[in-house]
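Colleague: One structure, as structure tokens, below. Some questions next.
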Amino acid sequence: WVFKLFINLWPPMFFSRIKLISLSDDFRQARASMRLSAWNRNGVGSFFGGALFSLTDPFYMMMLMARLGKEYVIWDKYADIDFIKPGRGKVYADFIITDELLDEIAKQTANGGKYLPVIPVYIKDESGDVVAKVMRTLYIRKKQRK
């Protein structure tokens, strides 16, 4: 609950009206939401694109840091967004770390190499319709031993 509280009060999230509404104890599943407000609305009354984009940042990076521990370097490397339809009201994004992803990270980084997984995040409205699709690329490698 401390992590959840920290994220919800962290100024980039708080002032964008982004809220982490659920986080599993094992950091493998999370859900974030954002409500439309004057702080994240564009000129035509729907979500500002940058606000939608920020809804997906930095959840995968932080969840993987919690899962994999201090022996890994993990950061967001790249992302792109495909706007599907205007978002209004409240939107949600789900983040799921699968066994397959964890296995692939272990395999790809076993010899000290970097791994750049591309993970899709779908931002949905209250009806479950996709508002935007964000492709997040992470940089992951084991830390070099000194």
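Colleague: Report the extension gain between Ile84 and Gln144 in nm, rounded to one decimal, defined as 0.36 nm multiplied by the number of residues separating them, less their alpha carbon distance. Mind showing how you got there, number by number?
Modeller: Details: separation 60, 0.36 × 60 = 21.60 nm, distance 4.10 nm.
Between Ile84 and Gln144, full extension yields an extra 17.5 nm.
Colleague: Can I ask one more? Taking the range 71-130, how much of its Cα-Cα pair set, in percent, is spaced more than 15 angstrom apart?
Modeller: Numbers: 1112 of 1770 pairs.
That fraction is 63 percent.
Colleague: Right, another one. Tell me which residues come under 5 Å, amide H to amide H, from Leu138 once H is placed; ignore anything under 5 positions away on its chain.
Modeller: Lys77, Ile119
Colleague: Residues of the range 68-146: accessible area per residue at 1.4 Å, in Å²?
Modeller: Each residue of the range 68-146 exposes 60 Å² on average to a 1.4 Å probe.
Colleague: Moving to a separate point now. Cα-Cα over 30 Å: which of Lys85/Lys142; Lys85/Lys143; Lys70/Lys124; Lys77/Lys124; Lys90/Lys142; Lys19/Lys107?
Modeller: Pairs exceeding 30 Å: Lys85/Lys142; Lys85/Lys143; Lys70/Lys124; Lys90/Lys142; Lys19/Lys107.
Colleague: With θ set to phi - 60°, apply the Karplus curve 6.51 cos²θ - 1.76 cosθ + 1.60 along the range 19-26 and write out the HN-Hα couplings as whole Hz, x wherever there is a Gly or Pro.
Modeller: Result, ordered by residue: 10, 7, 9, 8, 8, 5, 4, 8 Hz.
Colleague: A further question follows. What residue among Pro86, Asn8, Met34 has its Cα farthest toward the positive end of the dipole of the chain, where the charges are +1 on Lys, Arg and -1 on Asp, Glu, each on the Cβ?
Modeller: Comparing the listed Cα positions along the dipole, Asn8 ranks first.
Colleague: Run the quick spin-label model on Phe48 and Gln108: label points 7 Å from Cα toward the beta carbon, then report their separation in nm to one decimal.
Modeller: Rounded to a tenth, the inter-label distance reads 3.2 nm.
Colleague: Turning to a different aspect of this structure: What is the distance in Å between the Cα centroid of the range 1-75 and that of the range 123-146?
Modeller: When both Cα centres are located, 11 Å separates them.
Colleague: Could you tell me the relative contact order of the range 56-121? Use alpha-carbon pairs under 8 Å, at least six residues apart, and round to a whole percent.
Modeller: For the range 56-121, the relative contact order is 33 percent.
Colleague: So if I average 1/r over every pair of distinct C-alpha atoms in the chain and take the inverse, what Kirkwood radius in Å does that give?
Modeller: 15.9 Å is the Kirkwood radius here.
Colleague: Further, regarding this structure: If you place +1 on the Cβ of every Lys and Arg, -1 on the Cβ of every Asp and Glu, and leave all else neutral, what size is the dipole of the range 24-87 about its Cα centre, to the nearest 20 Debye? Don't skip to the answer; put the middle values down first.
Modeller: On the way: 8 positive and 7 negative charges, 44 e Å.
Around 220 debye, computed over the range 24-87.
Colleague: Could I ask something else about it? Only Cα pairs under 8 Å and at least 6 apart count here; give the relative contact order of the chain as a rounded whole percent.
Modeller: 24
The values are calculated or read from the model by the stated rules, or taken from the named source; none is laboratory data. These numbers come from a predicted model, not from an experiment. Every residue, glycine as well, gets a Cβ built from its backbone with ideal geometry; the counts of neighbours run over all protein chains shown. Heads up: the accessible areas ignore ligands, DNA and RNA and are worked out on the full protein's heavy atoms, side chains in. Shrake-Rupley method; radii C 1.70, N 1.55, O 1.52, S 1.80 Å.
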